[in-house]
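Asks: Have a look at this one before I ask anything.
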Amino acid sequence: MSEHPTILITGGTRRLGKAIAQHYAQLGWRLVLCFARDSDAAQAARNELSSSATSVRIIQCDTGESRQVETMLQSVAEREGRLDFLLHNVGWYLPKPAVEVSPLDWQHTINANLNGGFYCAYHGLDLLKASRGLLGFMGYSGLEAVRADPEALDYQVSKVGLLSLVRTLGVAYGPFGVRVAMVSPGQMSSSIDLPQSTRSIPIPRWGTAEDICQAWDYLLSAGYVTGVNIDVAGGFRL
């Protein structure tokens, strides 16, 4: 078994997921990056990250399909031999009015975001127990207030469900030495629906991938912290 820790990131070949991968590559971690459809982007990410990572492997996997997630985690057990940090970063988000959300929209979002989170937890538990590792999820700022968001119905429901999953699994997995946490970004410089200005943010700037990685670094080092959600949003939506 390698002495280098291993991180698996779903949605890890694009945007924030790739930036998080870059951070842990520079710290000497081995990377396993899951992607759903865009194989060209995944290959480009692997090529880009290979120069700094101890190792990089990409796996195509639909996180909304339990069998595919199971196969992915079995592959990690066989190839990497350990898993120290499993980050379910997938966050399918297609803003539209609630009255226009179709059953297919709903099913796709819930499958990718919420069901995928449970499948990762379920199929990754044995590997995380062995490493006494961290199971991580991505939320969004202000999530715990559960405000109405009629432009993001399916997305909001999926993330509120993940928050409940984080708290419950924090209790259930604690006796096995596995910690569970969520990090909730605010308005990121890479957000697809960025507002015109930072006036609504008490710390008046856009969030960065570095801000998010600092939170995950803390959670990885905080052995007595579990079942929590950390807003990394500069006070946005407080």
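The values are calculated or read from the model by the stated rules, or taken from the named source; none is laboratory data. What you are looking at is a predicted structure, and each value in this text was computed from that prediction instead of being measured. Here the Cβ positions follow ideal geometry from the backbone for every residue, glycine too, while neighbour counts run over all protein chains shown.
Asks: Might you check whether a residue that is exposed (fewer than 13 other Cβ atoms within 10 Å of the Cβ) and under 23 Å from Gly161 (Cα atoms) occurs anywhere in the stretch 211-225?
Replies: No, there is no match, as no residue in the stretch 211-225 is exposed (fewer than 13 other Cβ atoms within 10 Å of the Cβ) and under 23 Å from Gly161 (Cα atoms).
Asks: While we're looking at this one, here's another question. Can you name the residue in the stretch 140-157 that is touching a Gly at 6+ places or on another chain (Cβ under 9 Å) and part of a loop (DSSP other than H, G, I, E, B) and, of all such residues, is surrounded by the most Cβ atoms within 10 Å (Cβ to Cβ)?
Replies: Tyr140
Asks: Just a yes or no: is a residue in the stretch 160-177 within 18 Å of Leu238 (Cα to Cα) and in a helix (DSSP H, G or I)?
Replies: Scanning the stretch 160-177 turns up at least one residue that is within 18 Å of Leu238 (Cα to Cα) and in a helix (DSSP H, G or I).
Asks: Taking the stretch 69-93, which residues are at pLDDT 95 or above and either part of a strand (DSSP E or B) or in contact with a Phe, Trp or Tyr (Cβ under 7 Å, 6 or more places away or on another chain) (or both)?
Replies: Result: Val69, Phe85, Leu86, Leu87, His88.
Asks: Among what's in the stretch 113-139 and is of a type in the set (Gly, Ala, Ser) and part of a helix (DSSP H, G or I), pick the residue that is nearest to the chain's Cα centre (by Cα).
Replies: Selected residue: Gly117.
Asks: Scan the stretch 33-49 and give yes if some residue there is under 22 Å from Arg132 (Cβ atoms) and outside any helix (DSSP H, G or I), otherwise no.
Replies: No.
Asks: I'd like the full set of residues that are farther than 15 Å from Leu220 by Cα and among the β-branched types (Val, Ile, Thr), limited to the stretch 1-31.
Replies: Selection gives Thr10, Thr13.
Asks: Going through the stretch 143-161 one residue at a time, which ones are among the aliphatic types (A, V, I, L, M) and free of Cβ contacts under 8 Å to residues at least 60 places away in the same chain?
Replies: Val146, Ala148, Ala152, Leu153, Val157, Val160
Asks: Turning to a different aspect of this structure: Quick one: count up the residues across the stretch 24-64 that are basic (Lys, Arg) and without any contact (Cβ under 8 Å) to a residue 24 or more places away in the chain.
Replies: 1
Asks: Output the number of the condition that His23 fails; it satisfies all remaining conditions of (1) under 17 Å from the mean Cα position of the chain (by Cα); (2) surrounded by 21 or more Cβ atoms within 10 Å (Cβ to Cβ).
Replies: Checking His23 against (1) under 17 Å from the mean Cα position of the chain (by Cα); (2) surrounded by 21 or more Cβ atoms within 10 Å (Cβ to Cβ), the one that fails is (2).
Asks: Of all residues in the stretch 186-205, which are outside any strand (DSSP E or B) and either at pLDDT below 75 or among the hydrophobic types (A, V, I, L, M, F, W, C) (or both)?
Replies: Within the stretch 186-205, Ser191, Ile192, Asp193, Leu194, Pro195, Gln196, Ile201, Ile203 qualify.
Asks: Give the stretch 59-68 a look and list any residue that's among the β-branched types (Val, Ile, Thr) and in a loop (DSSP other than H, G, I, E, B), or say none.
Replies: Thr63
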